[in-house]
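Student: Please read through the structure below; I'll follow up with questions.
Only the coordinates and a few stated rules stand behind these numbers; no lab work does. Note that the structure is predicted; figures quoted are calculated from it, not measured. Note that each Cβ is placed from the backbone with ideal geometry, even for glycine, and that neighbours are counted across all protein chains shown.
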Amino acid sequence: MKLILTAPVEHLGVPGEVVEVRDGYGRNFLLPRGYAITWTRGAEKQIEGIKRARAAREIRGIDHAKEVREQLEALEVVLPARAADNGKLFGGVTPSDVVAAIRAANGPAIDRRSVSIDKPIRMVGTHTVAIKLHDAVTAHIKVVVTAA
């Protein structure tokens with residue numbers, strides 16, 4: 001099955017690449033999750049748009065990743081969440097919540113898939129979150145979760 005990737009897939013490729021995969025993998029994993037679209041001549045024209053969008057938000061090399069890491073680690077990220085009186089959250093903090101809090105703190109635009117939360121955040125307080133910016137560069141930021 002011939003597909004065009006729309007999201008990075010580990011051990012397969014990056015957005016905009018045309019890949020050949022087995023039918024079951026494409027039909028049952030890549031297509032339903034939105035990681036790929038089926039290849040057609042018309043879809044081939046969309047590849048340029050996908051590549052342009054990726055280049056706009058992509059980290060350009062290790063030097064750029066280090067600059068973004070410095071920006072992120074200098075931020076004070078405050079994340080308000082609904083919590084009980086004892087400090088326990090109703091639900092948990094997701095990578096999308098962290099990305100939104102970084103944007104609210106005037107931080108750089110990052111992809112939610114690069115945010116790694118080791119232990120689930122379910123309590124009010126200060127927590128450390130890792131953000132993989134490049135293969136060799138990872139930023140560790142402090143996220144202050146407050147009761148809203």
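Student: Output ³J(HN,Hα) for the range 23-36: one whole-Hz value per residue in order, computed from phi by the Karplus curve 6.51 cos²θ - 1.76 cosθ + 1.60 with θ = phi - 60°, and x for Gly and Pro.
Tutor: Once θ is set to phi - 60°, the couplings for the range 23-36 become 4, x, 5, x, 6, 9, 10, 5, 5, x, 7, x, 7, 8 Hz.
Student: Something else: Using the Cα centre of the range 2-57 as the reference point, and only Cβ charges (+1 on K/R, -1 on D/E), how large is the resulting charge dipole? Debye, rounded to the nearest 20.
Tutor: 180 debye
Student: Exposed loop sites here are GluC sites (Glu not before Pro) in DSSP loop states with at most 15 other C-beta atoms within 10 Å. What is the longest stretch of the chain lacking them? Could the numbers behind the result be given before it?
Tutor: On the way: sites that count: GLU10, GLU58, GLU76.
That gives 77-148 as the longest site-free run.
Student: Turning to a different aspect of this structure: Considering only ALA65, LEU31, ALA109, whose Cα is most displaced toward the positive end of the charge dipole of the chain, charges sitting on Cβ of Lys, Arg (+1) and Asp, Glu (-1)?
Tutor: LEU31
Student: Assign one of three labels to the range 2-57, namely rounded, prolate or oblate, based on the Cα gyration tensor with a ≥ b ≥ c the square roots of its eigenvalues; rounded applies when a/c is under 1.5, prolate when it is not and a/b is larger than b/c, and oblate otherwise.
Tutor: It comes out oblate by the Cα gyration axes.
Student: With +1 assigned to the C-beta of every Lys and Arg and -1 to the C-beta of every Asp and Glu, and no other charges, what is the dipole magnitude of the chain about the Cα centre in debye, to the nearest 20? Working shown, then result.
Tutor: On the way: 22 positive and 17 negative charges, 82 e Å.
Using only the charged Cβ atoms, the result is roughly 400 debye.
Student: For every helix of n ≥ 4 consecutive DSSP H residues, a contribution of -39,500 (n - 2.57) applies; sum these over the chain, divide by its total residues, and give [θ] at 222 nm rounded to the nearest 500 deg cm²/dmol.
Tutor: Values: 3 runs with 41 residues, N = 148.
My calculation for the chain gives -9000 deg cm²/dmol from helical runs alone.
Student: For THR6, which sequence-distant residues (separation of 5 or more, or a different chain) have an amide H within less than 5 Å of its own amide H, given hydrogens modelled in the peptide plane?
Tutor: HN-HN under 5 Å from THR6: GLY16, ALA36, ILE37.
Student: Lysine pairs in the chain with Cα distance under 19 Å, only those 8 or more apart or on different chains: how many are there?
Tutor: Taking the chain as the scope, the lysine pair count is 9.
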